[in-house]
Amino acid sequence: MISLGLDLSTQSLSAVLIDSTAGKIIKEHTINFAENFPEFETENGFIRGNNQEFYSYPQLYLKAIDKMMFALKDYTPQIESISISGHQHASVYLNDKFTQILAEIKSTEPLSEVLIPCFSRPIVPIWMDNSTSEECKEMDRILKGSVSELSGSLYCERFTAAQIRKFYKKSPEAYQETQTIHLISSFCASIFAGKNLSIDSSDAAGMNLMNLANSQWDQNLLDACAPNLINKLPSIEPASTAAAKVSKYFVERYALSADCDICLSSGDNPNSLIGCGAAEPGTVVISMGTSDTFFGAIGYEMIDTKGVGHIFGNPAGGYMSLICFRNGSLSREAALLSTGLNWQEGEELIANNTPYPDSNYLPFIVDEMYPHCSAQLSKEQLSSFSPTKALVGLIESQILNLRLYAEKHAKSISTIRLTGGASNNTAITQMIADVFQAKVERIEISNSAALGAAMRAANASSKQDWKELNELFTGAESQLLPNTQNATIYDDKLIQYRELINQL
Ligand SMILES: Nc1ncnc2c1ncn2[C@@H]1O[C@H](COP(=O)(O)OP(=O)(O)O)[C@@H](O)[C@H]1O
Ligand SMILES: O=C(CO)[C@@H](O)[C@H](O)COP(=O)(O)O
């Protein structure tokens, strides 16, 4: 079976096309938003608004999908199933024109223009948004602190409930006019199907609106958020659902087969769990994309996450736990920029200076969630550091921070799967192995979210089982072992780093 996984992430849209019968990755393609669509004037795919607001545009995503499908035209007639991965928590707000326009659209017209009248909110608030602390406090007061038992996470600024409540408070008329609120993942799947599709339960868990125990909307959580919300949200279904055939528009415009299945979409982290071959408890994943995340499958027992992290659904069944760090690749890029090096030279500098010979520092250029604190380091300060202090010091401090919080989640970490853009850097990969004193494995490609989406499409459409898909696609392509001579150095560094955190 030929399946397509698309990953709409913070900075880009990526495609991974797999042949799950032959066990081959046929094609990979990435479209970077800032480079390809300068007309939206984004910084790395997003816009920085006032007071910690971060957002993007639905039209940008639609343009990227159009460009991607034309880029894949040599392959489209063979594609039998499609699933999409979206950066988690981001929401799209649609009025009552959406379904009709989608059903009537002509294949000569670009979606990004025809759908403009459908958006009741012209922006998509994204996971980087940190502007909704007030809304989180309000909802928490209403629910008297029971949100994490119900939804699997404490109220979080970036989660969809806080974003919806803010929209309802600031723009009540536009909220009332909104007929459907999608996640970015379910919005994209609906576009391919030509009609509204459900939200999958693994991604819905990142909204603070779903009851984790029964995977359905929870009326108490909805009531705490905004009025009449139940009528605006699509239903929730399991991730493994082949939900519809592709729309006529996609058949005519991009030559997809009319028989191609559109499978429910999910979030980038649940998809990455699948794409990294970590759907069974045991192996943990570190993803170094725009955000850094640490996650792993936790079976079927919901663990009380009070104050520690989040529980999302595992698309292969059961749950996954996750912690997310706001200072990820963009902070590493800022450090690299201050040195004047490129990544190849930077990699050499890291390899030659691991362990970093000096004291670590708090590596937070933007406000951080773990620990919950404001930015501790400016780009000007970074520029005054030596290249080694700026780049190696920052990345090593980030990894110590990861270990500090990861150890609260996972008792013993012996194998880590590393993914995301920075996993292309072998010196960073080795540093992770040394700091954690664990084996670090990488799979064939660094975009595990798109691969996971393709594997989910194959599973939902043909019922090909996970064990077989894992054997075909998620074997370790490289394994880096920890340098055991660095074990005590990093144990000592962790003690010193914890002191810094305690002083915050
Ligand atoms: N060799 C490298 N070393 C370190 N970081 C890298 C390297 N190559 C790419 N990156 C980082 O990867 C990031 C993009 O990762 P990606 O997983 O595609 O992000 P996202 O999925 O969040 O859009 C870029 O911001 C870039 O800094
Ligand atoms: O907010 C979270 C997870 O809770 C982020 O991990 C987003 O899902 C964005 O992912 P990337 O674009 O960094 O991969």
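Regarding the range 28-45, can at least one residue be identified that is surrounded by fewer than 22 Cβ atoms within 10 Å (Cβ to Cβ), more than 20 Å from residue 289 (Cα to Cα) and among the hydroxyl-bearing types (Ser, Thr, Tyr)? Looking through the range 28-45, none of the residues is surrounded by fewer than 22 Cβ atoms within 10 Å (Cβ to Cβ), more than 20 Å from residue 289 (Cα to Cα) and among the hydroxyl-bearing types (Ser, Thr, Tyr). Among all residues of the range 457-473, there is none that is within 30 Å of residue 355 (Cβ to Cβ), among the charged types (D, E, K, R) and out of contact with any His (no Cβ under 6 Å at 6 or more places or on another chain). Screening 458, 476, 487 for residues that are not β-branched (Val, Ile, Thr) and not in a helix (DSSP H, G or I) leaves exactly one candidate, 476.
Between 337, 322, 341, the distinction of being outside any loop (DSSP other than H, G, I, E, B), surrounded by fewer than 24 Cβ atoms within 10 Å (Cβ to Cβ), among the hydrophobic types (A, V, I, L, M, F, W, C) and within 15 Å of ligand 1 (Cβ to nearest atom) belongs to 337 only.
Does the range 296-312 contain any residue that is assigned to a loop (DSSP other than H, G, I, E, B) and within 16 Å of ligand 1 (Cβ to nearest atom)? Explain how you work it out, then say what you get.
Going residue by residue through the range 296-312, those that are assigned to a loop (DSSP other than H, G, I, E, B) are 298-309.
Next cut, within 16 Å of ligand 1 (Cβ to nearest atom) only: none.
No, the range 296-312 contains no residue that is assigned to a loop (DSSP other than H, G, I, E, B) and within 16 Å of ligand 1 (Cβ to nearest atom).
Go through the range 14-27 and give me each residue that's touching a Ser or Thr at 6+ places or on another chain (Cβ under 7 Å) and either part of a strand (DSSP E or B) or surrounded by 24 or more Cβ atoms within 10 Å (Cβ to Cβ) (or both). Before you say what the answer is, go through the steps one by one.
To start, the set of residues in the range 14-27 that are touching a Ser or Thr at 6+ places or on another chain (Cβ under 7 Å) comprises 14, 18, 20.
The answer is 14, 18.
In the range 142-171, of all residues being over 18 Å from the mean Cα position of the chain (by Cα) and of a type in the set (S, T, N, Q), the one that is nearest to residue 204 (Cα to Cα) corresponds to 151.
Among all positions in the range 277-284, there is at least one residue which is buried (at least 24 other Cβ atoms within 10 Å of the Cβ) and not aliphatic (A, V, I, L, M). Among the residues of the range 463-474, those that are modelled with pLDDT of 95 or more and not polar (S, T, N, Q) comprise 468, 469, 471, 472, 473. Quick one: residue 102 ticks every box in (1) part of a loop (DSSP other than H, G, I, E, B); (2) farther than 26 Å from residue 269 by Cβ bar one, so which box is it? All conditions pass for residue 102, except number (1).
Scan the range 109-124 and tell me whether some residue there is touching a residue at least 24 places away in the same chain (Cβ under 8 Å) and within 16 Å of ligand 2 (Cβ to nearest atom). Yes, some residue in the range 109-124 is touching a residue at least 24 places away in the same chain (Cβ under 8 Å) and within 16 Å of ligand 2 (Cβ to nearest atom). Taken over the range 64-109, the criterion of being in contact with a strand residue (DSSP E or B) (Cβ under 7 Å, 6 or more places away or on another chain), of a type in the set (Ser, Thr, Tyr) and away from ligand 1 (no atom under 16 Å from the Cβ) is satisfied by 75, 81, 83, 91, 93.
This table checks each residue for (1) touching a residue at least 12 places away in the same chain (Cβ under 8 Å); (2) closer than 30 Å to residue 279 by Cα; (3) buried (at least 23 other Cβ atoms within 10 Å of the Cβ).
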| position | (1), (2), (3) |
| --- | --- |
| 359 | yes, no, no |
| 391 | yes, no, yes |
| 414 | yes, yes, no |
| 452 | yes, yes, yes |
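Consider residue 189 carefully, then state whether it is touching a residue at least 24 places away in the same chain (Cβ under 8 Å), assigned to a helix (DSSP H, G or I), under 23 Å from residue 48 (Cβ atoms) and among the aliphatic types (A, V, I, L, M). So residue 189 fails the test. Condition check for residue 249 on (1) of a type outside the set (A, V, I, L, M); (2) surrounded by 14 or more Cβ atoms within 10 Å (Cβ to Cβ); (3) on the phi > 0 side of the Ramachandran plot: one failure, at (3).
Among the residues making up the range 202-239, those that are over 20 Å from residue 146 (Cα atoms), small (Gly, Ala, Ser) and buried (at least 20 other Cβ atoms within 10 Å of the Cβ) are 202, 239.
Any residue that is more than 15 Å from ligand 2 (Cβ to nearest atom), in a strand (DSSP E or B), of a type in the set (S, T, N, Q) and in contact with a Cys (Cβ under 9 Å, 6 or more places away or on another chain) - is there at least one of those in the range 72-82? Yes, the range 72-82 has at least one match.
The values are calculated or read from the model by the stated rules, or taken from the named source; none is laboratory data. This structure is a prediction, so every number in the text was calculated from the model and none was measured. Note that each Cβ is placed from the backbone with ideal geometry, even for glycine, and that neighbours are counted across all protein chains shown.
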